[in-house]
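Engineer: If you scroll down you'll find the structure; I have some questions about it.
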Amino acid sequence: MTIANFEVRTLAFQMPDRGGGPSGPRIRVGRPSRRARTLLMTLGVLAVLAMAFVMFSGFWTDWLWYRSVDYSSVFTTQLWTKIGLFLVFGLLMAVAVGLNIWLAYRLRPPLSAMSLEQQSLDRYRMGIAPYKRWVLLAVTSLVGLIAGASASSQWRTWLTWVNGVSFGQKDPQFKMDVSFYAFDLPWYRFLLGFGFAATVLSLIAAVLVHYLYGGLRITSPGGRATAAATGHLSVLLGVFVSLKAVAYWLDRYGLAVKSSDFKATDSWTGLRYVDANAYLPAKTILFCIAVICALLFFATLWRRTWQLPVIGFGLMVLSAVLIGGLYPAIVQKFQVQPNEQAKESPYIKKNIDATREAYDIDDAKVTDYSGKNDASDPKKLREASDTAASYRLIDPNVVSPAFQQLQQERKYYQFPSTLDVDRYKGPDGKEQDTVIGLRELDITGIPKRNWINDHFTYTHGYGAVAAKGTGTDSTGSPDFTESGLPAKGELPAHEQRIYYGEKTKQYSIVGGPQKELDYEDNGEKTTSYKGKSGVDISNPLNRAAYAVAFNEPQIFYSGAIGEGSRILYNRTPKERVEAVAPWLTIDGDAYPAVVDGKIQWIVDAYTTTNGYPYASRTTLGETTADALTDTQRAVVAQQNQVNYIRNSVKATVDAYDGTVTLYQWDTEDPVLKTWMKAFPGTVKPKSDIAPDLMEHLRYPQDLFKVQRELLTRYHVTDPAQFYSGSDAWQVPDDPTNRQSNAVPPYYLSMKMPGQQDQKFSLTTTFTPNGRPNLGAFMAVDADAASKDYGTIRLLKVTSNVLGPQQVQSKLNGLPEVAEFVRNLKGTDSEIDYGNLLTVPLDGGFLYIEPVYARGGTANYPLLKKVGVSYGDKTVFEDSLTEALNAVFGVEGTTPPTTQPPTTKPPTTKPPVTGSTPLAQAIADAQKAYDAGQEALKKGDWTAYGKAQQDLQDALRRASEAGAAPQPRSGSKGS
């Protein structure tokens, strides 16, 4: 017996008997037991089910949310469009690649006499042979999935193409409707890109299969390709070149929306001289060459040689270099540059006209305005200043800390850092500019943080707080017209609970067994949400889905969730509008308004495109940024680069039940009409806007900022002057802000020259490019109820007038300002400059700037001074009345900017009568008031701030103890 046989027999003797031999110990090597296999299989199935449920939970919660806001059609339209695109283009890609792999395999040559090269590939063929169908399925599935996923992201492009509405305007070069560039061309380009991808992948796959099976040879002598492989690959190359011909043809139209650098403007769009006279004919010639080259490739099916196609392809490449690159460069160098202004003038004119139309600035009224006044009649000027504007001394960008200190009431509430300006009727029935903010929930201030408190107990903010925009109380604090908790005052009665707001970003679970913290006139109470919003999570499936979606297991098993429980999320106004209308670009500043007994967030939304021929593009994120822009106020854009924009939709979001309503605002906008066809029933007609809501609609800031940026160049309509740039403007930096950011536009009720009455307006200033003096003043009628709404008026300054930064520097240089700042430093306080308002007045410009003191324990701004500048004179006084009197040198009748307190504590200590708590509260109020007056005399801002807090606390305790109706918060600190 050989050693080898002995080893084999020994091994056989040691192996266990699989057929059930004699009893005894058996050794199982490398094979798990049945129990282990069952366990592994079970774990695998559970893992797959878990992954499937995670995917399902995301889909299911989205569906539930859209259904809860009554916009399920938006979800289903997006879903079916994405699924349709995924299936169609995924299948097309899979079929294209799979068919070419199968065809290359079918056209393989016999392998009877294999070369050494083919023999080296034999092991790969043998390895693939048993699995070739699975390999084919895997490859086609992979490319199909990738192509389908890419195509599904083009759902917007598909919907605009299939629903596109005519603009009724034709481009000046090709005479095509603008809708071709906005809706059709993007879809054609997608199809072209898909065709290129399918052709290239099919070509790569066919080459690999032909090489693997001998149809192509690299190192073998003799023919390098079989006739079948030659014909197959030639057809694919012919398809590729045909697509290139289509690309050349579409590139002709693409010149109308092509962006390029040009001396006349940094964001030029459209054809220039070299495009119309060199690139355009070049693209046409290259199209013809590509068609001929494609036919030569297809001809190899009969000629069986690549000689002519290769020559044709080389000619096409050479032509692309010479005709498409060199020739335009020669035209630009020797024809355009020696006389560029004359050559480009017709195209500059087309760009100016298209840009002004696309951004809706073509009707802007430009008027020459001297900016100077001889001041020969100071009395007339002083009288005119009384009615020129309602001077808004309360800056919404500065006074938020005062709202926070005086009206926060509880640590778990907060106001936005930038408040909003709106209009409300006062007791006299007249509209007045009002600064308003909502007391929203701030969960970081909850006394004891835990899951129940964060999501069940503290669920909503409470109350709108408003103050007059034109004046303060006697201490310099905002003169509140609506204040307290719950809020009371001049605003119409309304639901005060705020479940949806700009600061409300966490989810809340309401309506179930767990009660929520709430308020009524006599203090805290509990409540349960009665609104219709939110998703029902009382059933186990929904709870499980949200537990997975929010990564919070307690949602599934918590006993605080039961019958009636609903989950609220996506709670900021911008989030909700963007979700129900994903085709809109959202303005950065949603603002609240009390409308028909409810607090409604008003959200301006835009339709945009970057396919308007000849209109210069702008980057929304950069154009809308200014000194106040933060993450809360940044524009939410679907596409950041646009060259057409309309404020087509006004949206509202109910602060209590989250209801989102979209109203058609621009009834002529073809982009909106297109989306309304794609999502029927989602946008209500303009006629549905209630009069109460119309009173609070206003011209949006982000659109205004885009238009003012364009008007820095496009106020010029003469091509020669536009080319020279001699009259270009710039948006100045905010002189009241230490950062070098653009000055924000300001809402202000004012009169432009020629107007008889004040109009609620949005205003801004311009300076000449590179210079600090005033170049122009711009105002737009911002009152949506006005027949002149949206009318842009530009006052082009024709003389040398101080600009905002120069006025600020001049004000800072006054001895009175220096003394004021020194006194503040002595009391550990600092100065805050408010908005520098600019108002046209009798041929000149009146600058108004409120100045605040901030410091001490309270550390919130108090209006203490007003700076005024007119002509060459700048003054710094205690009130607006005094400042206007000083700047014009005569007395006027302007109402004082500081108002007497609505309810003033008694100057002598009242008799202690009634209940002990009430008497003590009144005594504490008197003590705090006396302490505050004494601190004012000494200029001790720290003591004054503490006295204001003590007075506020005492007045609240007096009210709770049963005193007369609580005074308006404007009297706090009197």
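The values are calculated or read from the model by the stated rules, or taken from the named source; none is laboratory data. Remember, predicted model here, so these are calculated numbers, not experimental data. Cβ coordinates were reconstructed from backbone atoms using ideal geometry, including for glycine residues, and neighbour counts include every protein chain displayed.
Engineer: Please find, within region 636-665, the residue that is farthest from SER533 (Cα to Cα) out of those that are of a type in the set (D, E, K, R) and modelled with pLDDT of 95 or more.
Structural biologist: ARG646
Engineer: Quick one: count up the residues across region 525-542 that are surrounded by fewer than 19 Cβ atoms within 10 Å (Cβ to Cβ) and in a helix (DSSP H, G or I).
Structural biologist: Count: 2.
Engineer: Of THR355, THR367, THR387, which residue is buried (at least 17 other Cβ atoms within 10 Å of the Cβ) and either out of contact with any Ser or Thr (no Cβ under 8 Å at 6 or more places or on another chain) or β-branched (Val, Ile, Thr) (or both)?
Structural biologist: On inspection, the qualifying residue turns out to be THR355.
Engineer: On to the next question. How many residues, within region 553-595, are in a loop (DSSP other than H, G, I, E, B), of a type outside the set (Gly, Ala, Ser) and out of contact with any helix residue (DSSP H, G or I) (no Cβ under 8 Å at 6 or more places or on another chain)? Don't jump to the end; show me each part of the working.
Structural biologist: Our first condition is that a residue be in a loop (DSSP other than H, G, I, E, B); within region 553-595, this holds for 553, 558-565, 569-572, 581-584, 587-590.
This time we only want the ones that are of a type outside the set (Gly, Ala, Ser), so: 553, 561, 563, 569-572, 582-584, 587, 589.
Now restrict to residues that are out of contact with any helix residue (DSSP H, G or I) (no Cβ under 8 Å at 6 or more places or on another chain): 563, 571-572.
Residues meeting the conditions: 3.
Engineer: Restricting region 339-368 to residues that are acidic (Asp, Glu) and in contact (Cβ under 8 Å) with a residue 60 or more places away in the chain, which is farthest from GLY270 (Cα to Cα)?
Structural biologist: ASP368
Engineer: For the structure I just gave you, tell me whether VAL548 is assigned to a helix (DSSP H, G or I), crowded, with 19+ Cβ neighbours inside 10 Å and among the hydrophobic types (A, V, I, L, M, F, W, C).
Structural biologist: The answer is yes for VAL548.
Engineer: Additional query: Among ILE330, ILE311, which is at pLDDT 90 or above, farther than 30 Å from TYR644 by Cβ and not assigned by TED's automatic domain parsing to the domain that holds ASP872?
Structural biologist: ILE330
Engineer: Which one is nearest to VAL74 (Cα to Cα), of the residues in region 153-168 that are surrounded by fewer than 16 Cβ atoms within 10 Å (Cβ to Cβ) and not aliphatic (A, V, I, L, M)? Steps first, answer last, please.
Structural biologist: Let us first name the residues in region 153-168 that are surrounded by fewer than 16 Cβ atoms within 10 Å (Cβ to Cβ), namely 153, 162, 166, 168.
Filter once more, so that each one left must be not aliphatic (A, V, I, L, M): 153, 166, 168.
Numbers: SER153: 16, SER166: 23, GLY168: 28 Å.
My answer is SER153.
Engineer: Looking at region 280-316, which of its residues are surrounded by 15 or more Cβ atoms within 10 Å (Cβ to Cβ) and either outside any helix (DSSP H, G or I) or touching a strand residue (DSSP E or B) at 6+ places or on another chain (Cβ under 6 Å) (or both)?
Structural biologist: Passing the criteria: only TRP306.
Engineer: Tell me the residue from ALA320, ALA294 that is touching a helix residue (DSSP H, G or I) at 6+ places or on another chain (Cβ under 9 Å), aliphatic (A, V, I, L, M) and either closer than 28 Å to ASP177 by Cβ or modelled with pLDDT under 90 (or both), please. If you could, list the steps in order and put the result at the bottom.
Structural biologist: Working: ALA294 fails: either closer than 28 Å to ASP177 by Cβ or modelled with pLDDT under 90 (or both).
The match here is ALA320.
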